[in-house]
Amino acid sequence: MNRSLRRVLAGLASAGVVGLFAAVPVPAAHAAAGKARVAIVVRDFGNPYWRALRDGAVAEGKKLHVPVSVQAGSSETDSIGENAKISTMANENFTCFGVVPVNATNIITPLIPVSRKNIPIINLDTGLDPKAVAAAGLKITSFIGSDNYHAGQIAANYMLKLLHDKGKVAILEGIPGEQNGINRETAFRKTTAGKLTVVQAEAADYERSRALTDAEAMLRVHHDLNGIFAANDEMGLGAAQAIANAGKTRTIRVVSIDGVKEALGAVKSGKLAGTVSQYPYAEGEMAVQACERLARKQPIPAHITSPIKLITPQNAARALKAFPRPFFAFNDPFGAP
C-alpha cells in the first residue's frame, strides 16, 4: 500500500465497540522472539470480500517477511466451522490473531485460550458484543474495520438521490444478529424515513442465490417497486439478476455495499446503480501490519476505521483500475508520518 497516499482514519466506528479496546503493546512473553506469526480466520472464501481480506493479509505478510495463515469456515453462517479453525490454530505457535466473527458472540469461546496466553487478538471487520466480551474476560487488543453505519447512510442518500426522495423500496438483510448488517440497515431506514417507504425486508444471509430468490418473490408482490437496498454486493448482484430477468433494470435501482470486483463492473455497466465500496484487502494489510508492530513491542491504535467510498457509474472505471486497493488518498496508521 502506498503510504504517501494514506491518511489515518482511526476512530470509533460504532457505539457497540466503544471502550473495549486499548492501545496495548504485545506482552513480553510473546515479544521475545521479535518475529510475528499471524493467524487470521474469516467467514467464507466463497465470498470474494473475504478472499480479498485474505489476499491483502498474505501479500502484506510476504512484503514484511511475516508468516501468515488464513483460514475460513465453509459458508457465511458457518460459525461451528469457523470456531473449529480458531480452536485448532489456538494450539499452534501464532503470536497474533485476527478474527472476523459470524455474529456478535460466536468466536468468544474459542478465543478464550488465546487470550489467556496473552496473545494479541485483533477483531476484524465485524464488531463483537462488548458485554459478552467483558463477561467472558476476553482481551481484545484492537478493532480494524469500516464504519458500517456510515456506509448505510451513504447508500441511503444515494438511493434518495436516484429516486428523487420518494418511492417504494425493499431491503435484503444479512445474517440475523450480525452487527454490520444491523448497522447498515438501521442507517438506511433512518436516513430514508419519511421519504421512501420500505415495503418488505428479507434476510438472505449475504448469499447471492437466496437474494435472487427473495428478490424474485418481491417483484411478484410489489409491481411498483422502485429500488432495492442490499446489505452486501453478493445479495445486490442476486437482486440485480432478478430485476434483469424481469426486464426492469431501468426502472428498479439496486444499491449495495462492499465493492467487490464483480459489483464494480456491474456498476460500470449499469446492472447495479451503485455500491458503497469497502476495502477488505486494506483491512488484511493493516491486520498484518498491526501484528508485526505488536511483535516489536510497539503499541497500535485501539480502533482503526478503514476507508469506504460510494461507487457510481462516474467513478467505477477508476475503482476497477485500482482494485483491490482504494483509488483515493488515505493513510494507514502504521505508515510513516
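The values are calculated or read from the model by the stated rules, or taken from the named source; none is laboratory data. Because the structure is predicted, anything quoted here is derived from the model rather than measured. Note: ideal-geometry Cβ built from the backbone for every residue, glycine included; neighbour counts use all protein chains shown. For accessibility, only protein heavy atoms count, side chains too; no ligands or nucleic acids. Shrake-Rupley method; radii C 1.70, N 1.55, O 1.52, S 1.80 Å.
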Restricting attention to region 115-152, report how many residues are open to solvent by less than 60 Å² (accessible area, probe 1.4 Å) and either under 19 Å from residue 276 (Cβ atoms) or under 23 Å from the mean Cα position of the chain (by Cα) (or both).
25
Quick check on region 279-332: of everything there that is basic (Lys, Arg) and free of Cβ contacts under 8 Å to residues at least 60 places away in the same chain, which residue is nearest to residue 255 (Cα to Cα)?
309
Among 147, 125, 214, which is touching a residue at least 12 places away in the same chain (Cβ under 8 Å) and over 25 Å from residue 309 (Cβ atoms)?
214
Go through region 90-112 and give me each residue that's outside any helix (DSSP H, G or I) and closer than 21 Å to residue 290 by Cα.
92, 93, 94, 95, 96, 97, 98, 99, 100, 101, 107
Among the numbered conditions (1) within 16 Å of residue 278 (Cα to Cα); (2) without any contact (Cβ under 8 Å) to a residue 24 or more places away in the chain, tell me where residue 184 comes up short.
(2)
Does residue 89 satisfy the condition of being more than 25 Å from residue 282 (Cα to Cα), open to solvent by less than 20 Å² (accessible area, probe 1.4 Å) and hydrophobic (A, V, I, L, M, F, W, C)?
no
May I ask you to say which residue of 75, 115, 69, 87 is assigned to a strand (DSSP E or B) and over 20 Å from residue 306 (Cβ atoms)?
69
Of the numbered conditions (1) in contact with a strand residue (DSSP E or B) (Cβ under 7 Å, 6 or more places away or on another chain); (2) surrounded by fewer than 18 Cβ atoms within 10 Å (Cβ to Cβ), residue 236 satisfies every one except a single condition; which is it?
(2)
Which of (1) farther than 26 Å from residue 294 by Cα; (2) free of Cβ contacts under 8 Å to residues at least 40 places away in the same chain; (3) of a type outside the set (Val, Ile, Thr) does residue 115 not meet, given it meets every other one?
(1)
Check whether at least one residue in region 55-62 is basic (Lys, Arg) and under 19 Å from residue 93 (Cβ atoms), and report yes or no.
no
Would you check if there is a residue in region 50-67 being modelled with pLDDT under 95, charged (D, E, K, R) and farther than 27 Å from residue 173 by Cα?
no
Being more than 23 Å from residue 132 (Cα to Cα), of a type in the set (Ser, Thr, Tyr) and modelled with pLDDT under 95 is true for just one of 14, 4. Which residue is that?
4
